[in-house]
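S.K.: First the structure, then my questions, so here it is.
The values are calculated or read from the model by the stated rules, or taken from the named source; none is laboratory data. Given the structure is predicted, the values throughout are model-derived calculations rather than measurements. All Cβ positions, even for glycine, are placed from backbone atoms using ideal geometry, and neighbour counts span all protein chains on display. For the accessible areas, the whole protein counts, side chains as well, though only heavy atoms, and no ligand, DNA or RNA atoms are used. Shrake-Rupley method; radii C 1.70, N 1.55, O 1.52, S 1.80 Å.
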Amino acid sequence: MKKVISISRRGLLQTAVGALGYAKCAHAGGAQHVAIAVNQKDAASKPMMTYIGTPTSRVDGRAKVTGEAKYAGEFNASGLAHASVVASTIAKGRILRIDAGEALRVDGVIDVLTHELRPHMADTDRAYKDDVAPPGGKPFRPLYDDRILFNGQPIAVVIAEEPEIARFAASLVRIEYAEDPHVTDVYRQRDDAIALKPAQSPWAPPKPRGNAAKAFAEAHVRHQGEYYVPIEHHNPMELYASTVTWDGGGKLTVYDKTQGVQNVQRYVCGVFEMKPDDVRVMSPFVGGAFGSGLRPQFQVVLAVLAARALERSVRLVLTRQQMYALGYRPAMIQQIKLGANADGTLASISHDAITVTSRYENFYRQETGWSGLLYKSANAEYAHKLAHLDLSTSCDMRAPSAATAVYALESAMDELAVALKIDPVDLRVRCYSDRDQNSDRPYSSKSLRACYHEGAEAFGWNARNPEPRSMRDGSELVGWGMATGIWEALRMPIAVRIVLSANGHAEVSCATSDIGTGTYTIMAQVAADMLGLPIENITINLGDSTLPQSPVEGGSWIAASVSNGIATTSMAIRQDLMRLAKKMPNSPIADDAPDEITLADGKLVSKRDASHAVSIADAMRHGAVDRISQEKSTTVADDHSYANNTHSAIFAEVKVDEQLGVIRVTRVVSAVAGGRILNTKTAHSQIMGSVVWGIGMALHEETLVDHNFGRVMNANIAEYHVPVNADVYDIKVIFVDEPDAIINPLGIKGLGEIGIVGVAAAIANAVYHATGKRVRDLPITLDKLQR
Ligand code: MOS
């Protein structure tokens, strides 16, 4: 089985040369550096780029592969106790009685905490709201009272000297319940789903335009279909875990598996009515999160509760099975109606969605608007309803709303192409939208046409016979399908501190996370280029709530946000250095205006004449300073006059065993327009990982709930299928050239989530092309092909 990895460097090099005037290409071997200096005038206005845009290897790679990098469940403390969760076995009702007697008699058990027997917790809903997605409704309060809201809800915590003892004793806790009727089936709740009003929240459906119903009725060709995506569960490698160290005097350090240390800090302070100075939250490394760690998970509350009860350090790691009690992509029933004109343009788009949330909260994202954003149509309408089920609240999962909505849209577009007898790529080009029609704005940049073109060329799309079942490879039917992807290019306010030492070493600090995406690395690249230092001289501190302010790492927004933060703070450092350098006797840069001086190779250099230079070390020595420290915050200077999005075109080949219906995804080409690519290596990995997840979405992933018990039946990765190496063949990632001078000074859009959007549809469309069978509910398993 071969796996081909390739990156188109052509586009990147053009970006680098065209916009930056300076580029370094690291080849596969690593050490060869090529500096290209062009267009001196242009170069003068921009910082030197040595690291940005290159395939720099992870600066934390060694720490990760040697085990030096510690994760939340690996931090140690003297006298560490271990906690284990007792979970509800009913979906709804009340706890009548908890008998922990037998558990408490086990040698090594320290205590059993329940809602009746626990330290004080806040008693207002407000205290339990975190700042990621404070959905409407009442936030869940772990171990708060006798009410059961979902199966798997934590109802007791056993604390012992060893994790095995805690887990064993947890199995001995006896619970008596008073059970209430529950509903966990979205199809049973469908008619009772509650409609969201347009503009009710930022995630409510966009306003309609034109008259979609009339245009649909009068359309030359109509397609209407219902598409279903099941509940899918987060399965990051790292288990949800918290280690809480009791630091004395009521102070705690919380090592948590999270995408936002400051969010968890505020939340813990709210729930336990603690002062921010008494709670430090750390998350230096995260073993994948993808949205599961955006909101604080219940194990952090339970671990803190236990530490406060015992006045002792406590670790709590959920089992893989227990992780299925939270953290899932909402199931989604979607109705798409497309009306087409004879020339293959769209007359109307209607997108209706029903998504799943809990009884107690209204979690949702803007599911439907992607349709009328992506394609040009004068008439569009959207509707979105929430189905409240007796499950825990659904949550963000990689490209929340787009991964699901675009699956339906792009399946429907493929069906429309078949009805119109138009090539699927051609249909999308005919419906291409150069403006965001939902908000009537131009894009800051949109290179989706290049994605279609370069993706189709790399895939060999022109050789496709449009007839289903027309292509074969021995006993396998071959299918080629494609789809479009879209995601947002968001930026958030952030603060960055840089401390520059006279020895030319810089420490860059921000409370952001690196959820495995490569944030340490891109931060080091940007800092090195902005400060004109070798990357080896940069130290990155992140994942610590005491560091300068950061939002959670999510929505693919941190790369752009933190890079802007570093650039902004670097400017302040440069100002300080300039002041020092200009004060030097006979300073070679005395006559240069501030914007004529750049930082490069450890020096302040005149852009007019590179021989006019002062080393950073000399400037600081003459000024008698041994360190310069600056901390700056960015605001998001967004005037809302442009739409900011990333795009992609995905091409997939499947081979389907004609007798058995077994599907293999033998080739995928993903062509991505994501602005400037900071690191071609980690960006490539992001997209490749997302494509693999898209294969899972298309063919494997499905949470199965036994509706009699309201309980997940396949709560383990033996029965909840995720793609493994044997499911992954050839994935080619292309980054098309997409300069963006508007979005931010560096032209960064951010990546990651865009990689999954459209993949499931491209595969579903390929399966149709191979077999002539249209499956409209995911995952496409072999039994559905045989129906
Ligand atoms: Mo992502 S779903 O915003 O971590």
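S.K.: Can we say residue 299 is open to solvent by less than 10 Å² (accessible area, probe 1.4 Å) and within 16 Å of the ligand (Cβ to nearest atom)?
M.R.: no
S.K.: Looking at 243, 258 in this structure, which one is part of a loop (DSSP other than H, G, I, E, B) and touching a helix residue (DSSP H, G or I) at 6+ places or on another chain (Cβ under 9 Å)?
M.R.: Exactly one of 243, 258 is part of a loop (DSSP other than H, G, I, E, B) and touching a helix residue (DSSP H, G or I) at 6+ places or on another chain (Cβ under 9 Å), namely 258.
S.K.: Inspect the range 495-512 for any residue being of a type in the set (Ser, Thr, Tyr) and open to solvent by less than 10 Å² (accessible area, probe 1.4 Å) and give the result as yes or no.
M.R.: Yes.
S.K.: Tell me which residues, restricted to the range 248-264, are open to solvent by less than 10 Å² (accessible area, probe 1.4 Å) and either away from the ligand (no atom under 16 Å from the Cβ) or closer than 15 Å to residue 308 by Cα (or both). Please lay out each step first, then the result.
M.R.: Residues of the range 248-264 open to solvent by less than 10 Å² (accessible area, probe 1.4 Å): 252, 254, 256-261, 263-264.
Hits for the range 248-264 are 252, 254.
S.K.: Still on this model: Among (1) in contact with a strand residue (DSSP E or B) (Cβ under 9 Å, 6 or more places away or on another chain); (2) among the small types (Gly, Ala, Ser); (3) part of a loop (DSSP other than H, G, I, E, B), where does residue 554 come up short?
M.R.: (1)
S.K.: A follow-up question, please. When the residues of the range 528-551 are filtered to those that are part of a helix (DSSP H, G or I) and surrounded by fewer than 23 Cβ atoms within 10 Å (Cβ to Cβ), which remaining residue is nearest to the ligand (Cβ to nearest atom)?
M.R.: In this case the residue turns out to be 535.
S.K.: Among the residues of the range 485-518, write down those that are more than 16 Å from the ligand (Cβ to nearest atom) and in a strand (DSSP E or B).
M.R.: 495, 496, 497, 498, 499, 500, 501, 506, 507, 508, 509
S.K.: Considering only residues that are in a loop (DSSP other than H, G, I, E, B) and among the acidic types (Asp, Glu), which ones fall in the range 116-144? If you could, list the steps in order and put the result at the bottom.
M.R.: Quick first cut of the range 116-144, residues in a loop (DSSP other than H, G, I, E, B) only: 116, 118-124, 129-135, 138-144.
Answer for the range 116-144, where residues must be in a loop (DSSP other than H, G, I, E, B) and among the acidic types (Asp, Glu): 116, 123, 130, 131.
Residues checked against (1) modelled with pLDDT of 95 or more; (2) open to solvent by less than 10 Å² (accessible area, probe 1.4 Å); (3) within 16 Å of the ligand (Cβ to nearest atom); (4) of a type outside the set (D, E, K, R):
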{"position": "287", "(1), (2), (3), (4)": "yes, no, yes, yes"}
{"position": "328", "(1), (2), (3), (4)": "yes, yes, yes, yes"}
{"position": "331", "(1), (2), (3), (4)": "yes, yes, no, yes"}
{"position": "337", "(1), (2), (3), (4)": "yes, no, no, no"}
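S.K.: Could you list, in sequence order, all residues of the range 566-593 that are crowded, with 19+ Cβ neighbours inside 10 Å, part of a helix (DSSP H, G or I) and over 32 Å from the mean Cα position of the chain (by Cα)?
M.R.: Residues satisfying the conditions are 574, 577, 578, 580, 581.
S.K.: Using the structure shown, decide if residue 702 is open to solvent by 10 Å² or more (accessible area, probe 1.4 Å) and out of contact with any strand residue (DSSP E or B) (no Cβ under 6 Å at 6 or more places or on another chain).
M.R.: So residue 702 fits the description; yes.
S.K.: Cβ-Cβ under 7 Å, sequence separation 6+ or interchain: first residue in the range 286-313 and free of Cβ contacts under 8 Å to residues at least 60 places away in the same chain, partner open to solvent by 20 Å² or more (accessible area, probe 1.4 Å) and more than 10 Å from the ligand (Cβ to nearest atom). Which pairs?
M.R.: From the range 286-313, the pairs are 297/326.
S.K.: Now a separate question. I'm told residue 375 meets every condition in (1) in contact with a Cys (Cβ under 6 Å, 6 or more places away or on another chain); (2) within 16 Å of the ligand (Cβ to nearest atom) except one. Can you identify the failing condition by its number?
M.R.: (2)
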